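The values are calculated or read from the model by the stated rules, or taken from the named source; none is laboratory data. As the structure is a prediction and not an experimental result, all values here were calculated from the model. Here the Cβ positions follow ideal geometry from the backbone for every residue, glycine too, while neighbour counts run over all protein chains shown. Accessible surface areas use protein heavy atoms only, side chains included; no ligands, DNA or RNA. Shrake-Rupley method; radii C 1.70, N 1.55, O 1.52, S 1.80 Å.
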Amino acid sequence: MELYIRDGILYEGLISTTYREEQYFAPIGFIKNNNRVFIKVYKGGLLEEVVLNTSLFALNIVFKPDYYAAFSLKKELGDESVSRKTWIRGQQPLPILTDSLGYLVLVKENIVDDGEYYDVEFRIIDQGVNSDAYIEPYSRCYGSIIEILVYATKIKALRSRAQREVLSKFLEYIDFNKNTAYKTCSQEYKTLVDKILRWIREWLGEE
Ligand SMILES: Cc1cc2nc3c(=O)[nH]c(=O)nc-3n(C[C@H](O)[C@H](O)[C@H](O)COP(=O)(O)O)c2cc1C
């Protein structure tokens, strides 16, 4: 099998690097165009600091929502909750998830401050596939959990600055995806969804 990433589609993956001698992973949306990858980094989190101060990254191609949950809600879930085998690439301590389907190796080329976020451009210098990875059918369960996580992390980051209407919209999207998750997920993932919903209520001061 080969890794095939189309141009112009907004994909999700896990960006990783070594920062202050520790492995760093975070979910990220990315678009490829030829041998370049583009991401938007919202200001205010550790992700911003890492991207500003590092130049070599891996982009892990992962389907399972467990990774997106563990690495976006590190304090709440603990990123030790997922098995994380990594390997070091060449001379550079670049962590790559061995449970990923594949990966890109990226060098930061350009960064533009866009006010609310940074537009960051990378050059792809290498890529690989994990020949041990298993193939699992597409599931709306996974999609719905990733949608919930996208809006949960937005609420967490923006809760003190965003207007009430913006937060209400995010809660509406979460509610919609919660219904899909309850219809399509196993008990293990329904429990994860319930935990995320509880944390959201805590962040909003409702519990
Ligand atoms: C599926 C998914 C996609 C995300 N995409 C982005 C993104 O494109 N840009 C961004 O700044 N944050 C994105 N986030 C949020 C960051 O991953 C999140 O802020 C970060 O993991 C928080 O960790 P930190 O404490 O290391 O900053 C995304 C989260 C999820 C769950």
(message) With a 10 Å cut-off between alpha carbons and a GNM built on the chain, which of E121, E49, E188 moves the most?
(response) E188
(request) Can you give me the three principal axis dimensions of region 155-207 from its C-alpha atoms, in Å, biggest first? (result) 35, 19, 16
(request) Using the Karplus curve 6.51 cos²θ - 1.76 cosθ + 1.60 with θ = phi - 60°, work out ³J(HN,Hα) for each residue of region 152-163 in order, rounded to whole Hz, and write x for Gly and Pro. (result) 5, 5, 5, 4, 4, 6, 9, 3, 8, 10, 6, 6
(request) Putting +1 on Lys and Arg Cβ atoms and -1 on Asp and Glu Cβ atoms, find which of G115, I155, A133 reaches farthest to the positive end of the dipole of region 86-161. (result) I155
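Would you mind working out the magnitude of the charge dipole of the chain relative to its Cα centre, with +1 at each Lys and Arg C-beta and -1 at each Asp and Glu C-beta, to the nearest 20 Debye? Walk me through the numbers on the way to the answer.
Numbers: 27 positive and 30 negative charges, 56 e Å.
In total the dipole reaches around 280 debye.
Classify region 109-207 as rounded, prolate or oblate, taking a ≥ b ≥ c as the square roots of the eigenvalues of its Cα gyration tensor: rounded when a/c is under 1.5, otherwise prolate if a/b is larger than b/c and oblate if not. It would help to have the intermediate numbers written out before the result.
Working: a/c = 2.66, a/b = 1.09, b/c = 2.44.
In terms of gyration-tensor shape, oblate.
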(message) Can you tell me how region 1-138 classifies by the Cα gyration tensor, rounded, prolate or oblate, using a/c under 1.5 as the rounded cut?
(response) rounded
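Within the accessible area of the chain, what % is carbon and sulfur when the probe is 1.4 Å and the other protein chains stay in place? List each step's numbers first, then the result.
Details: 5640 of 11590 Å².
With neighbouring chains kept in place, the figure for the chain is 49 percent.
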(message) Given a 1.4 angstrom probe, what's the average accessible area per residue across the chain, in square angstrom?
(response) 56
(message) Can you classify region 103-159 as rounded, prolate or oblate using the Cα gyration tensor, where a ≥ b ≥ c are the square roots of its eigenvalues, rounded means a/c under 1.5, and otherwise it's prolate if a/b beats b/c and oblate if not?
(response) oblate
